[in-house]
Amino acid sequence: MQHSQLLTATSDPALNYLERLSRWLPLLLGLLGAIATAIVTRLRSSELAVYRMSGTSPTSLMTLLTLETLLIAGIAALSAATAPLALPAHYIDPAVPVLWGIGLAGTWAVVTLAMSLDLAVRHPSDLAKDR
């Protein structure tokens, strides 16, 4: 006796989700935020030059830039983490936006710091000329 399947799925929803590019949107937003933050940091090169000319070490300057970046990325992560509280009907699992928020913030912080690392080690007079 052979059984035939009456109804067959025309598409696999899990596969459709895995194949769409928009699932990486939080990481892309983190990358865009990182680029914007790095550009703004570079526009502040004269301010950073004043820090360096006043005796701030490259390590201390990078610490300041790191704390600023982590504050901005942390606010983004906190916003994503509180999304399930504000929109509980839109999430099946509240851990999903929290994890994507951590990914967004991590991308934001790592890329911003990588793009701003040279500002801490450049000569202060070169930083002042950039303006």
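The values are calculated or read from the model by the stated rules, or taken from the named source; none is laboratory data. Because the structure is a prediction, the values reported are computed rather than measured. Note that we place each Cβ from the backbone using ideal geometry, even for glycine, and neighbour counts take in every protein chain shown. What goes into the accessible areas is simple: the full protein's heavy atoms, side chains included, and nothing from ligands, DNA or RNA. Shrake-Rupley method; radii C 1.70, N 1.55, O 1.52, S 1.80 Å.
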### Members of the range 80-114 that are under 27 Å from Leu65 (Cα atoms) and open to solvent by 70 Å² or more (accessible area, probe 1.4 Å)
Leu99, Ile102, Val110, Ala114
### Query
Out of curiosity, is Val121 loosely packed, with under 13 Cβ neighbours inside 10 Å, touching a residue at least 24 places away in the same chain (Cβ under 8 Å) and closer than 17 Å to Leu65 by Cβ?
yes
### Message
What's the total number of residues in the range 95-118 that are free of Cβ contacts under 8 Å to residues at least 24 places away in the same chain and under 20 Å from Arg23 (Cα atoms)?
### Response
5
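Could you please find all residues in the range 1-60 being acidic (Asp, Glu) and over 29 Å from Gly101 (Cβ atoms)? First the steps, then the outcome.
To start, the set of residues in the range 1-60 that are acidic (Asp, Glu) comprises 12, 19, 47.
Of everything in the range 1-60, just one residue is acidic (Asp, Glu) and over 29 Å from Gly101 (Cβ atoms), namely Glu47.
What number of residues within the range 35-49 satisfy the criterion of being open to solvent by 60 Å² or more (accessible area, probe 1.4 Å), free of Cβ contacts under 8 Å to residues at least 12 places away in the same chain and either over 15 Å from Thr112 (Cα atoms) or of a type in the set (D, E, K, R) (or both)? Spell out the reasoning first.
The initial filter retains those residues of the range 35-49 that are open to solvent by 60 Å² or more (accessible area, probe 1.4 Å), namely 35, 39-40, 42-43, 47.
Next cut, free of Cβ contacts under 8 Å to residues at least 12 places away in the same chain only: 39-40, 43, 47.
Filter again for either over 15 Å from Thr112 (Cα atoms) or of a type in the set (D, E, K, R) (or both), leaving 47.
Residues that pass the stated criteria total 1.
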### Task
Look through Ala76, Ala109, Ala80, Ala36 and report the one residue that is at pLDDT below 90, part of a helix (DSSP H, G or I) and not basic (Lys, Arg).
Ala80
### Query
Between a first residue in the range 54-66 that is surrounded by 13 or more Cβ atoms within 10 Å (Cβ to Cβ) and a second residue that is β-branched (Val, Ile, Thr), which pairs have beta carbons less than 7 Å apart while being 6 or more apart in sequence or on different chains?
Pro58/Val121; Leu65/Thr41
